[in-house]
């Protein structure tokens, strides 16, 4: 967690991304996600952590945000520029017994070995960042393996392509 002094020094702000879910669905477990971001220009911010629940953005993307709410969160409006990163998420299954933990650690190490970064949420969600140049096929193979072993489910938050850049 960043302290207030370092946030001011690096012009870090929290940007609020409102999340949608069907009334009958309990996913995502929150109504919004707040991501850290560094100021890069007038209402422009570069995302500084991996999204756990937001679709369409990744670590390093530049977004437009404005209108701080009562809690000081800026409101996300749109992507200005994607930065080449892709985002994946894994949700550990409720049926994952303690003996699966070495298996999970081995697969997480494999993701790190191919260049991915990860962040863990307290709710059993692991956010995966695949930076530019990371072999996405290898990432998908690891995600599929954990899914086939019933250790987690996975989803794509965003995959960078040059065709989809705003």
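Before moving on, here are some points about what is shown:
- Residue separation of residue 93 and residue 159 scaled by 0.36 nm, minus their Cα-Cα distance, works out to 21.4 nm of gained length.
- Size estimate for the chain follows the Kirkwood approach: the inverse of mean 1/r over distinct Cα pairs works out to 16.8 Å.
- Projected area averaged over orientations for region 31-94, convex hull of C-alpha atoms, nm²: 5.1
- In region 13-53, the C-alpha radius of gyration followed by the widest Cα-Cα span (Dmax) gives 12.5, 40 angstrom.
- In terms of other Cβ atoms within 10 Å, 90, 108 run from fewest to most in the order 108, 90.
- Sorted by Cβ neighbour density within 10 Å, fewest at the top, the residues 43, 85: 43, 85
- Of 112, 134, the sequence from fewest to most neighbouring Cβ atoms within 10 angstrom is 112, 134.
- Pair residue 18, residue 44: separation of 7 Å Cα→Cβ label points (nm): 2.6
No value in this document is a laboratory result; all are computed from the given coordinates. Keep in mind that what you see is a predicted model, and the values were worked out from it rather than measured. Glycine gets a Cβ as well: all are built from the backbone with ideal geometry, and neighbour counts include every protein chain shown.
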